[in-house]
Each structure stands twice: as structure tokens, then as C-alpha cells.
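Visitor: Questions regarding the structure given below will be posed in turn.
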Amino acid sequence: AEATRLNVAKDQLQNDKTRITTKGEFLNEQVEQYVIEIDKLNSIINSIEKEMVVLRRKYEQAVETRNFTGTQLIDRNDELCILWEKANIQEKLLKKGEDAMLARAEEIRGLRVDLHEAQRQLKVARGGLPEVPKLVEELVRLRAQVDAVRRRTDVLSRELENPRSSLRKWRKLGGEDLDPQTLRVKIGELEERLNDKKEALLEKELILEEVTALSDKLRQQAVEGRQGTMELSQKVNMFQSRIKDVTRKMMATVSELSVHQTTAHRLQRDRDEACERAMTSKERFENAEPPTDTAEAEFQKLLNTEHQREVDRQASMARRQEEEILNSLAVRTTAEPRVNAYPDEEHGLPKAYGTHAPFKPTVAGSTMRHIRKPVVRPIEY
């Protein structure tokens with residue numbers, strides 16, 4: 001029985017040994033396979049590292065190329081800006097040149113018109129040379145007629161001014177007289193119209209004098225025949241330019257005079273209105289009435305303002321006295337003031353997050369529909 005039991009135990013041990021040996025061989029095979037796989041992975045890692053080194057070099061070269069290209073791009077951009085500035089300057093110069101050419105063309109056209117006008121006046125003056133004696137006689141006769149008409153006008157004017165004259169015919173007109181304010185307004189309007197007429201007459205007289213002087217000089221030059229057509233045209237142009245300058249200055253002076261007259265009329269009207277208000281206020285004051293309708297309200301407002309200012313001043317003085325009393329009774333100390341607020345037991349002290357503070361993501365907008373979701377791929381070893 002004991003031998004049988006030992007044989008059974010031996011068989012069991014033999015079976016365990018065989019199983020353990022088989023398992024060890026299997027494990028050794030797995031270890032060899034793992035070693036082979038490790039070698040393969042090491043070779044793959046080495047090849048990947050080599051590729052990474054090559055890619056790193058290529059990346060560095062690409063970065064250098066990009067930096068160089070960026071520098072060149074900046075230089076080209078600066079050159080392009082300079083070229084654009086030059087182009088803008090050239091366009092401005094071209095535009096100024098075109099404007100100057102147009103101005104010169106306009107001046108040439110005006111000079112041609114002036115030349116034709118001078119030639120026409122010269123032709124008219126030359127055509128009127130044979131009739132100068134007749135024109136002188138006609139001028140003497142017309143002057144005598146003008147003198148006679150002026151004398152007759154003076155006589156008729158004196159007769160018209162004389163109310164007892166037999167030549168004067170008058171009749172009484174009906175109606176009523178206007179008030180002084182309306183008369184002043186009408187007088188102002190008539191004065192403005194008279195000033196306008198005087199200004200127009202003065203302009204016409206000055207132009208007539210300039211044209212008369214110019215025609216006399218042209219007639220004298222045509223009679224004497226000492227100067228050529230070119231000099232005459234140049235002087236005509238010069239005189240016309242002088243006439244234009246004098247006319248322009250005269251019109252500017254007349255405009256300034258009109259402005260000053262208008263200002264004087266307005267100031268005079270303001271003065272009359274102020275005098276009228278002063279007289280009205282004086283009459284109301286003599287009748288024991290306020291000068292104006294709003295005088296009582298303005299005076300009451302002034303009194304209220306003064307009263308409020310006095311009340312504010314007294315309140316300020318009282319407050320200053322109270323502050324002085326409190327400051328004299330207060331205890332001076334150098335201790336730090338005690339805190340009057342403590343952390344909440346529910347929330348506790350605030351946390352310092354540093355550079356990784358939490359944030360609230362924004363709500364996805366309508367453009368998210370154009371973004372494709374990424375496809376998650378498994379990692380292969």
C-alpha cells in the first residue's frame with residue numbers, strides 16, 4: 001500500500017515536472033519572441049529616430065528658408081510701398097501739370113479775345129480819324145445844348161421849390177401819416193436802395209472814366225502813328241488788366257462800405273430800441289410800476305439766490321465746527337485698522353489659480369456646422 005502510494009505520488013510529481021517543463025519551454029519561447037519583437041521595435045525606433053533627425057534638419061532648413069523668404073517679402077513690400085509713393089507723387093505732378101496747361105490755355109484764349117477786341121477798337125479808331133473835326137463841332141454843339149438844358153433845369157427846379165410859383169401845380173393829398181417806426185423802416189430801406197444805386201452809378205462812372213481815358217489814349221496813338229500794333233495791343237491788355245484790378249478793388253471797397261453802412265444802421269436801430277426801452281422803464285418807474293414785466297420775478301430770484309447762498313454758508317460753518325470738535329476729541333493711534341469683513345464659511349478663502357484660471361467656454365455659433373468632427377483612430381504599436 002505504501003509503495004502504491006509512493007508510485008502515485010511519484011507519477012504526480014513526474015506529471016508536475018513535465019507540466020512545469022513544458023510551461024518553462026513555452027515561456028522561454030515567449031521570451032525569445034519578446035526579445036525578437038524588442039529587437040524589431042529597437043530597429044524601428046532607431047530608423048524613426050534617424051528619420052526624425054532628417055526631418056528635424058529639413059525643418060530647420062525650412063525655418064531658415066521661411067525666415068529668409070519673410071525678410072525678402074518685407075523688403076519687397078517696402079520697395080512696393082516706395083514705388084506706390086513715387087507713383088502717387090508722379091500722378092500729383094501730372095495732375096498739377098494738366099491743371100497748369102488748362103490754365104495756360106484759358107489765359108491764351110483770353111489774350112486772343114483781348115487781342116481781337118484791341119484790333120477791333122483800333123480799326124474803329126482808325127475809321128473815325130477823318131471825322132474828327134465833325135465830331136469836335138458836334139461835341140461843342142452838344143455841350144452848348146447841355147449847358148442850356150442845365151440852366152433851364154435850374155430855373156425849373158427853383159420854380160418847383162417855390163410854393164408860390166405860378167408854374168407849380170399842387171393839390172392836397174388824402175390819407176394819414178405813418179408812425180415814426182414805420183417811417184424809420186421805410187427810410188432805412190430807401191437809404192439802402194439809394195446806396196445801391198450810388199454804388200452802381202459810381203461803378204459805371206469809374207468804368208466810363210477808364211474807358212474814356214483809354215479811348216483818348218488810343219485815339220492819340222492812332223493820330224500820331226508812332227507805335228506799332230504790338231505795343232498798342234500790349235498797352236491795351238495792360239490797361240484792361242488795370243481796369244479789372246481797379247474795378248475789383250472798387251467793388252471790394254463798395255462791399256465793405258455797404259457792410260459798414262448796414263452795421264451802422266443796425267446799431268442805430270438797436271440804440272433807438274434801447275432808448276425807447278429806457279424811456280418806457282422811466283415812465284413806468286415814475287408811475288410806481290416795475291421797469292419791466294419780469295423785473296419782480298428777476299428780483300425775487302436774486303433774493304432767493306442770496307438767501308440760499310447764506311444758508312449754505314452757515315451750514316458749511318456748522319459742519320466745519322462739528323468736524324473740529326470731533327477731531328479734538330478723537331484718539332490718535334498708529335495701529336492698523338481692524339478688518340470689518342470675514343470670509344464666508346460656505347465658500348472659504350478665494351483660491352489663487354495662477355496662469356491656469358478656469359474659464360467658461362463660449363456658446364458654439366452657427367459656423368460650427370462647417371467644421372467636420374475629427375475621426376478618432378486607434379494607436380497601432
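Visitor: Name the residue that is farthest from the chain's Cα centre (by Cα), counting only residues in segment 287-301 that are of a type in the set (S, T, N, Q) and exposed (fewer than 11 other Cβ atoms within 10 Å of the Cβ).
Guide: Let us first name the residues in segment 287-301 that are of a type in the set (S, T, N, Q), namely 287, 292, 294, 300.
With exposed (fewer than 11 other Cβ atoms within 10 Å of the Cβ) added as a condition, the list becomes 287, 294, 300.
Working: Asn287: 58, Thr294: 43, Gln300: 47 Å.
So, considering only residues that are of a type in the set (S, T, N, Q) and exposed (fewer than 11 other Cβ atoms within 10 Å of the Cβ), the one farthest from the chain's Cα centre (by Cα) is Asn287.
Visitor: Let me ask something else. With respect to Pro343, determine if the residue is open to solvent by 100 Å² or more (accessible area, probe 1.4 Å) and at pLDDT below 70.
Guide: no
Visitor: Assess whether Met230 counts as being under 30 Å from Ala118 (Cα atoms), exposed (fewer than 11 other Cβ atoms within 10 Å of the Cβ) and modelled with pLDDT under 80.
Guide: Working: under 30 Å from Ala118 (Cα atoms): yes; exposed (fewer than 11 other Cβ atoms within 10 Å of the Cβ): yes; modelled with pLDDT under 80: yes.
Yes; evaluated as a whole, the condition is true for this residue.
Visitor: Follow-up question, since we're still on this one. State all residues of segment 253-293 that are at pLDDT below 80, of a type outside the set (D, E, K, R) and not in a helix (DSSP H, G or I); if no residue qualifies, say none.
Guide: The answer is Ala288, Pro290, Pro291, Thr292.
Visitor: I would also like to ask the following. Does Ala200 count as open to solvent by less than 90 Å² (accessible area, probe 1.4 Å), assigned to a helix (DSSP H, G or I), over 30 Å from Gln268 (Cα atoms) and at pLDDT 80 or above?
Guide: Taking the combined requirement at face value, the residue does not satisfy it.
Visitor: Regarding Val223, is this residue among the β-branched types (Val, Ile, Thr), modelled with pLDDT under 80, surrounded by 15 or more Cβ atoms within 10 Å (Cβ to Cβ) and part of a helix (DSSP H, G or I)? Let's see the steps before the verdict.
Guide: On the way: among the β-branched types (Val, Ile, Thr): yes; modelled with pLDDT under 80: yes; surrounded by 15 or more Cβ atoms within 10 Å (Cβ to Cβ): no; part of a helix (DSSP H, G or I): yes.
Taking the combined requirement at face value, the residue does not satisfy it.
Visitor: So which of Asp78, Asp39 is surrounded by 10 or more Cβ atoms within 10 Å (Cβ to Cβ) and more than 37 Å from the chain's Cα centre (by Cα)? So that I can check it myself, show each step before the final result.
Guide: Working: Asp78 fails: more than 37 Å from the chain's Cα centre (by Cα).
Going through Asp78, Asp39 in turn, just one is surrounded by 10 or more Cβ atoms within 10 Å (Cβ to Cβ) and more than 37 Å from the chain's Cα centre (by Cα): Asp39.
Visitor: Any idea which of Gln72, Gln121 is touching a residue at least 12 places away in the same chain (Cβ under 8 Å), surrounded by 10 or more Cβ atoms within 10 Å (Cβ to Cβ) and either under 56 Å from the mean Cα position of the chain (by Cα) or assigned to a helix (DSSP H, G or I) (or both)?
Guide: Only one candidate qualifies: Gln121.
Visitor: Follow-up. Go over the candidates Arg284, Arg269, Arg277 one by one and state the one that is surrounded by 11 or more Cβ atoms within 10 Å (Cβ to Cβ) and either within 39 Å of the chain's Cα centre (by Cα) or in contact (Cβ under 8 Å) with a residue 40 or more places away in the chain (or both).
Guide: Arg269 is the lone residue from the list that is surrounded by 11 or more Cβ atoms within 10 Å (Cβ to Cβ) and either within 39 Å of the chain's Cα centre (by Cα) or in contact (Cβ under 8 Å) with a residue 40 or more places away in the chain (or both).
Visitor: Just one of Leu214, Leu194, Leu206 is modelled with pLDDT of 85 or more, of a type outside the set (D, E, K, R) and under 50 Å from the mean Cα position of the chain (by Cα); which is it? Spell out the reasoning first.
Guide: Working: Leu214 fails: modelled with pLDDT of 85 or more; Leu206 fails: modelled with pLDDT of 85 or more.
Only one candidate passes the filter, namely Leu194.
The values are calculated or read from the model by the stated rules, or taken from the named source; none is laboratory data. Everything numeric in this text was worked out from a predicted model, so none of it was measured. Quick reminder, even Gly has a Cβ in these numbers, built from the backbone with ideal geometry, and neighbours come from all protein chains shown. Surface accessibility is based on the protein's heavy atoms, side chains included, excluding ligands, DNA and RNA. Shrake-Rupley method; radii C 1.70, N 1.55, O 1.52, S 1.80 Å.
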